[in-house]
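Working notes, structure below.
The values are calculated or read from the model by the stated rules, or taken from the named source; none is laboratory data. Predicted model only: the values in this text are computed from it and were never measured. When we count neighbours, we look across all protein chains shown, and the Cβ atoms used for this are built from the backbone with ideal geometry, even at glycine. Protein only, heavy atoms only, side chains kept; ligands, DNA and RNA dropped before computing areas. Shrake-Rupley method; radii C 1.70, N 1.55, O 1.52, S 1.80 Å.
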Amino acid sequence: MSLTVAILVGSIIGGVNGWLVVKLRMNAFIVTLASYIYVRGMVDAISGGRSAQDLAPALRVIGIETVLGIPLIAWIAIACFVVFTFIMAKTPFGRHVIMIGGNSTAAFRAGIKVDKLVLIAFVLAGAIAGIAGWLLAIRTSGATANLGIGMLFRAFAAVVIGGVSLKGGIGQLPGVYAGVLLLSSIQTAMNVMALPVHYTQMILGGMVLAAVLLDTVKLQIRQRLA
């Protein structure tokens with residue numbers, strides 16, 4: 001039940017964001033950033049800052065169970081990764097979404113239903129975010145009003161470091177996954193060495209800047225060769 005609610009709420013938020021982007025032609029990045037802010041405020045208002053720690057026994061089992069020595073939560077995340085990697089690489093929907101990201105006008109002229117696919121992509125993104133929030137709540141043994149705070153920048157950093165172009169149309173999920181693993185490894189190394197938090201922030205900021213610079217250089221080279 002809790003998973004269904006998480007997916008439903010995430011899908012609705014994603015659908016609203018998609019509608020604003022498709023119908024009102026608002027900037028997608030600004031829309032999603034704004035939704036993060038107002039949903040965070042909505043959570044605080046509804047919860048009153050209180051935490052929900054009484055998880056159902058079945059959810060607790062998911063949080064502690066392992067399969068082949070790997071946490072069940074990790075298996076769920078891996079399953080989502082495999083499914084959406086296949087969708088993006090092997091299905092017309094995935095290829096069309098990438099084409100829209102690269103050049104929506106050209107995709108429209110090629111007969112692709114741009115607005116419909118963009119809206120579907122936003123709904124799917126919201127649903128995945130709902131699943132991620134559900135897994136995070138299980139992993140931390142409860143839902144708190146400040147759950148996930150500070151993860152926005154790390155998610156953005158993982159995407160950019162993973163090779164996804166800010167211009168759109170370039171990037172694959174395996175690269176993003178590699179970016180997540182790299183950031184996690186850096187975070188773990190920092191914790192082991194007991195370095196101050198600001199060093200981690202400096203390193204992450206430098207890595208994001210380097211990734212954006214590399215993306216810009218590659219785009220300029222591609223445009224010159226075109």
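So here's what we get for this one:
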item: Complete set of residues in region 136-147 that are out of contact with any strand residue (DSSP E or B) (no Cβ under 9 Å at 6 or more places or on another chain), at pLDDT 75 or above and open to solvent by less than 40 Å² (accessible area, probe 1.4 Å); result: 138
item: Residues of region 150-194 satisfying the condition of being farther than 28 Å from residue 87 by Cβ and open to solvent by 70 Å² or more (accessible area, probe 1.4 Å); result: 188, 191, 192, 193, 194
item: Region 91-102 - residue that is under 18 Å from residue 23 (Cα atoms) and open to solvent by 30 Å² or more (accessible area, probe 1.4 Å) and, of those, modelled with the lowest pLDDT; result: 101
item: Whichever residue in region 58-69 is open to solvent by 60 Å² or more (accessible area, probe 1.4 Å) and not polar (S, T, N, Q) and, among such residues, is farthest from residue 136 (Cα to Cα); result: 68
